[in-house]
Amino acid sequence: MERSLVRKEVMPFLMMFGSLILATIITDAILHLLGFTWIGRWLGIPGTILILLSFFYSMRKRKMISFGKPKTLLILHETLTWMGALMILVHAGVHIYSILPWLALIAMLINVISGMTGKYLLDRSRRHMSEKKATYLQQGLSEQELEKKLFWDATTFDVMKKWRVVHLPITLAFAVLGIAHILSIFLFWQWG
């Protein structure tokens with residue numbers, strides 16, 4: 001693999017996911033050092049709220065809401081999901097006594113990885129197509145020749161845009177497991 005390709009395409013993904021894991025470790029360590037581990041138990045609530053707020057982007061794309069610019073909502077989606085995932089990861093470090101929270105956590109991580117992968121693959125595909133189109137235009141190809149040359153790239157790009165077909169069921173699995181975890185807390189918590 002070409003060095004610049006790794007730097008442009010693989011490193012941003014690894015940096016984003018690695019920063020999530022590193023921030024989780026640092027936050028958890030700070031809470032332990034300061035004797036505030038009990039805070040971790042409660043971070044699941046704001047983390048869940050942040051992830052729920054990130055769905056404004058999906059709602060806008062599906063025309064369920066009309067406010068907000070899609071690009072702004074996408075950035076908000078990515079940021080809120082990252083911050084929510086961080087809080088939930090710190091929360092998960094506090095109680096590791098049951099399988100359901102672990103399943104929800106694993107589903108969340110797979111969902112985050114799926115979202116990041118789709119983002120970078122779609123950006124890569126879009127950039128690749130733009131570069132090829134610019135090259136062909138510089139060569140003086142006609143519009144018809146350009147369409148022929150870019151047909152498979154455009155088809156690949158269209159397929160890449162449909163990665164959400166995979167991302168949505170993963171999101172639903174995370175939602176079901178997360179809701180099951182929350183309901184089990186309400187049912188089995190020692191309230192008294």
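The values are calculated or read from the model by the stated rules, or taken from the named source; none is laboratory data. Values in this document were obtained by computation on a predicted structure and should not be read as measured data. Glycine gets a Cβ as well: all are built from the backbone with ideal geometry, and neighbour counts include every protein chain shown.
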Inset, instruction - Starting from the range 9-23, keep only residues that are more than 10 Å from residue 86 (Cβ to Cβ), then list their pairs with residues that are aromatic (Phe, Trp, Tyr) and surrounded by 14 or more Cβ atoms within 10 Å (Cβ to Cβ) whose Cβ atoms are within a distance under 7 Å, requiring at least 6 positions of separation or different chains. - result: 9/120; 12/120; 13/120
Inset, instruction - Please work out if residue 113 is closer than 29 Å to residue 12 by Cα and either outside any helix (DSSP H, G or I) or outside the structural domain of residue 10 (by TED's automatic domain parsing) (or both). - result: yes
Inset, instruction - Go through (1) closer than 24 Å to residue 180 by Cα; (2) in contact with a Gly (Cβ under 8 Å, 6 or more places away or on another chain); (3) not assigned by TED's automatic domain parsing to the domain that holds residue 121 and name the single condition residue 38 misses. - result: (2)
Inset, instruction - For the range 62-116, enumerate the residues that are exposed (fewer than 14 other Cβ atoms within 10 Å of the Cβ) and polar (S, T, N, Q). - result: 66, 72, 79, 98
Legend entry - When residues of the range 138-158 are limited to those that are among the hydrophobic types (A, V, I, L, M, F, W, C) and loosely packed, with under 11 Cβ neighbours inside 10 Å, the one farthest from the chain's Cα centre (by Cα): 151
